[in-house]
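One structure is given below, encoded as structure tokens.
The numbers here are math on the coordinates, done by the rules we state, and not lab data. As the structure is a computational prediction, the values presented were derived from the model and not from experiment. Positions of Cβ are backbone-derived with ideal geometry, glycine not excepted, and every protein chain shown enters the neighbour counts.
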Amino acid sequence: MNLVALTPCCVDYYPQLKKSFLGGNSLNVASMWKTIEPQNNVSVITCLGNDLNAKLILDFLTQKGINTSKVYQILGTTACNQLRVDEHGERFGIEGTWNGGVYETFLLSDADWEYVSKQDIVAIPANNPNFHTMLKNRQENQLISVDYLDVANRIPMKDTIEYTDIAFISANINLIEEYKELSNTKKRLIVTTLGAKGSYAFYDNMEYYQPAIEVDKVIDTTGCGDAYQAAFSLTFHKTQNIQQAMLAGAKSASIILQAWGGVGSN
């Protein structure tokens, strides 16, 4: 099976640890896909700068067995960020530290879109510069997995959800009915993740719930949502079973919870 993640890869610096960890939605998703089913052809399409962070990302992707034939490098800065984690392991961005670098202006070429058209699953965040072009270019036989990020990002899901196969959003329990109604109206699968309160999915006028899997110690929630999405999309593509996909997502998230960084580094 061919899987591709578009396009954010970055390096997250944790001042409290004085350490950096790899991250970004696409890198995290691709890493979990490869962890679950190493035999699949997993690709990332992205653009990196010509700095040390780019080397760290490329080395990781190569070591993980992720296809880097569509990873580009140009003069400039690789996307980077700073994060902090509280005593409960909850991750927070440090205001003013995000630097999108060359990622912010990277647009896929016609050859890239031709490559994407041959993929079975495509994962992309809804704030990506290539998002709307992806929706226009989607193929009927593809599963399009879209991350609408956190409800606080205020991305208007209702405007584009009809072009998706799975719409993920991190929300709070008070908004559950709103997403249930949107799913029923647009006839699309919506998965809302609630952190320690588990996750809900809505599809075909049905409601599903999956509790979060308890762990001995939550170290860092960074990348948990991405891990959940990766496992859910892969399992759902294979089984068409929402409850089974939710369980797979919860299990993968629980692994990432117990280590630092978006891909679970110790």
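Summary table below
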{"read-out": "Contact order normalised by residue count of the chain, Cα under 8 Å, 6+ apart, percent", "value": "17 percent"}
{"read-out": "Percent breakdown of C-alpha pair distances by 10 Å bin, ordered from the shortest bin, for the range 102-220", "value": "12, 40, 30, 16, 1"}
{"read-out": "For L189, residues with placed amide H under 5 Å, excluding near neighbours", "value": "A167"}
{"read-out": "Centroid-to-centroid separation of the range 193-266 and the range 133-157 [C-alpha atoms, Å]", "value": "18 Å"}
{"read-out": "Full-stretch length increase - E104, Y72 - with 0.36 nm per residue and alpha-carbon distance subtracted", "value": "10.2 nm"}
{"read-out": "Mean residue ellipticity (222 nm) of the chain, computed from DSSP H runs ≥ 4 via -39,500 (n - 2.57), nearest 500", "value": "-9500 deg cm²/dmol"}
{"read-out": "Label zone at K19 (point 7 Å along Cα-to-Cβ), backbone N below 19 Å, the range 84-121", "value": "84-94"}
{"read-out": "Correct choice for semi-axes √(5λ) of the Cα gyration tensor in Å that was computed from the model, options (1) 29, 21, 16; (2) 32, 23, 16; (3) 26, 23, 17", "value": "(3)"}
{"read-out": "The range 69-126: equivalent-ellipsoid semi-axes (sqrt of 5 x gyration tensor eigenvalues, Cα, Å)", "value": "30, 17, 9"}
{"read-out": "Per-residue ³J(HN,Hα) for the range 191-201, Karplus 6.51 cos²θ - 1.76 cosθ + 1.60, θ = phi - 60°, Hz, x for Gly and Pro", "value": "10, 10, 9, 10, x, 5, 8, x, 8, 10, 10"}
{"read-out": "The range 27-173, Rg to Rh (Cα coordinates; Rh as Kirkwood inverse mean 1/r)", "value": "0.96"}
{"read-out": "Restricting the range 163-246 to GluC sites (Glu not before Pro) in coil, as DSSP defines it, with at most 10 other Cβ within 10 Å", "value": "E214"}
{"read-out": "Approximate spin-label separation K186-W113, in nm, with each point projected 7 Å along Cα-to-Cβ", "value": "2.2 nm"}
{"read-out": "Antiparallel content of DSSP bridges confined to the range 25-147, in %, to 5", "value": "30 percent"}
